[in-house]
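This report concerns only the one structure given below.
The values are calculated or read from the model by the stated rules, or taken from the named source; none is laboratory data. Owing to the predicted nature of the structure, the values given are computational and were not obtained by experimental measurement. Note: ideal-geometry Cβ built from the backbone for every residue, glycine included; neighbour counts use all protein chains shown. Just so you know, the surface numbers come from the protein's heavy atoms only, side chains and all, with ligands and any DNA or RNA stripped out. Shrake-Rupley method; radii C 1.70, N 1.55, O 1.52, S 1.80 Å.
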Amino acid sequence: MRGLRGWWDGTAGGLPATFWYLWAGLLVNRAGAFAVLFLSLYLTEARGASESLAGAVVGAYGAGGAVGVLLGGVLADRWGRRATLLAAHLAAAGLMVGLAFSRQLAVIAALAALVGIAHSMPSPAFVAAIVDVVPEHRRSRAFNLQFWAFNLGMAVASLLAGLLAEASFLALFLVDAAATLAAAALIAWKVPETLPHRSGPVRSSPDQAGRTAGKPVAANARLTAGEPVAAGAGRSRPPGLRTALTDRTFLVFVGLTFVLAVLTMQTSTIMPLAMRADGLSPSAYGTVVALGGALIVVGQLFVPGLIDRRRAHRVLALSTGLLAVGFGALVVADQLWVYLAAAVVWTVGSMLAAPPNAQINADLAPPELRARYQSVFYLTFPAASFVAPTLGGVSLQYLGERHWLVVAALGLLAAGGHLLAGPSRERRVAARRVAAPARASQPVG
């Protein structure tokens with residue numbers, strides 16, 4: 001009993017109540033977000049759309065998602081986390097009702113794009129709010145629980161979507177809208193605004209923090225905390241997406257995360273085609289996907305004990321390497337058991353990657369630009385969802401099973417990239433931590 005209590009304390013202990021309300025809101029949000037899973041089937045069966053037209057409408061949803069993450073990041077830093085979450089959830093619920101009763105395909109396509117925006121807007125605000133309220137030394141476990149809630153919610157959504165789609169497509173959309181409203185009600189009731197007070201614009205590139213690690217603390221503090229740069233040291237500039245988009249250290253990390261996302265997307269884009277070519281049935285593919293989901297739901301809570309006190313870039317190198325090995329093994333896969341064994345390897349890699357990925361993203365972002373940094377980070381996922389099937393399909397067609405060797409090589413290069421880029425990221429984060437107390441001790445005005 002004492003061992004179980006110690007495990008629970010190490011996995012979920014010490015987290016503030018606001019985090020748990022955010023966590024519950026995310027779980028309800030994901031568990032209820034199931035209508036889009038059957039959007040293409042709805043369009044072809046209930047609205048008579050061709051497969052190509054249905055694909056274009058679903059693509060409009062994805063394009064809206066890319067816009068939504070950027071918009072959500074900007075609004076979460078300007079309006080506030082709570083206001084952005086409420087606006088996005090209420091808009092998504094209303095749009096879902098609109099989809100339920102729309103009949104014209106042009107209207108459905110426009111609404112799908114808007115739903116994509118509304119569904120993606122909360123992501124930067126959720127993560128930024130978690131960073132706002134969770135102490136730095138407990139953020140890794142918070143992000144681990146966030147990843148677990150996301151996957152648990154998606155598992156529930158997949159189950160409910162199948163049941164509701166068989167009963168009524170109308171019910172599918174309306175229950176989705178009701179679940180979204182329930183998440184909004186929980187946020188409105190229990191989640192306060194967490195946006196830190198911001199006084200004055202950001203005046204320096206975050207990359208300067210890493211380059212000043214050996215300079216006096218006073219100068220370091222001004223650069224890392226965003227205070228005005230002295231005359232002659234550089235011109236001030238207002239905060240915004242430009243800061244994140246010109247932060248080289250951060251963009252290297254985003255690029256490595258993009259590779260991770262491309263690898264992960266193989267399971268839903270290219271692997272089904274490979275399994276069909278091997279003569280395996282759709283139910284076999286469903287078994288492989290279900291195994292991955294079950295491993296995450298059962299095993300993710302044990303990840304903090306494995307990675308605590310280990311350097312984040314080494315954990316990411318290991319996790320990306322496991323993804324490379326898992327997908328690389330498919331070059332010799334022609335039976336279901338090989339796919340299942342490979343799925344265990346790459347799923348463990350994904351599980352290990354989730355907490356340090358989110359932690360590094362939070363550490364690199366200036367406090368006043370947290371949501372904007374999150375929005376740029378989250379762009380990797382819609383980008384990967386486009387690149388993985390587009391280039392992967394061509395690769396599979398012309399290279400056959402050798403496609404998986406290309407995927408493995410890409411993953412191993414990314415693992416090496418984490419080992420090379422990790423120390424400079426850690427120096428920059430260390431410089432900011434040293435600078436923060438120095439800035440806090442300076443007189444105001």
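For this structure, a couple of remarks:
- Residue identified as part of a helix (DSSP H, G or I), closer than 22 Å to G116 by Cα and either assigned by the TED database to the domain that holds F258 or out of contact with any Asp or Glu (no Cβ under 6 Å at 6 or more places or on another chain) (or both) among A384, A415, A362, A409: A384
- Residue count for the stretch 90-104 under the criterion of being in a helix (DSSP H, G or I) and open to solvent by less than 50 Å² (accessible area, probe 1.4 Å): the result is 9.
- Filter pass, A165 being open to solvent by less than 50 Å² (accessible area, probe 1.4 Å), assigned to a helix (DSSP H, G or I), modelled with pLDDT under 85 and farther than 25 Å from Y21 by Cβ: yes
Here's the yes/no breakdown for (1) in contact with a strand residue (DSSP E or B) (Cβ under 7 Å, 6 or more places away or on another chain); (2) buried (at least 21 other Cβ atoms within 10 Å of the Cβ); (3) more than 23 Å from V191 (Cβ to Cβ):
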site	(1), (2), (3)
W20	no, no, no
E45	no, no, yes
G64	no, yes, yes
R81	no, yes, no
T84	no, yes, no
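- Scoring P389 on the criteria (1) at pLDDT 85 or above; (2) open to solvent by less than 60 Å² (accessible area, probe 1.4 Å); (3) not small (G, A, S) leaves a single failure, condition (1).
- Only one entry of L53, L70, L37 meets the criterion of being open to solvent by 50 Å² or more (accessible area, probe 1.4 Å), modelled with pLDDT under 85 and within 20 Å of the chain's Cα centre (by Cα), and that entry is L37.
- Test: residue in the stretch 326-337 that is more than 19 Å from Y285 (Cα to Cα), of a type in the set (V, I, T), surrounded by fewer than 24 Cβ atoms within 10 Å (Cβ to Cβ) and touching a residue at least 40 places away in the same chain (Cβ under 8 Å): no
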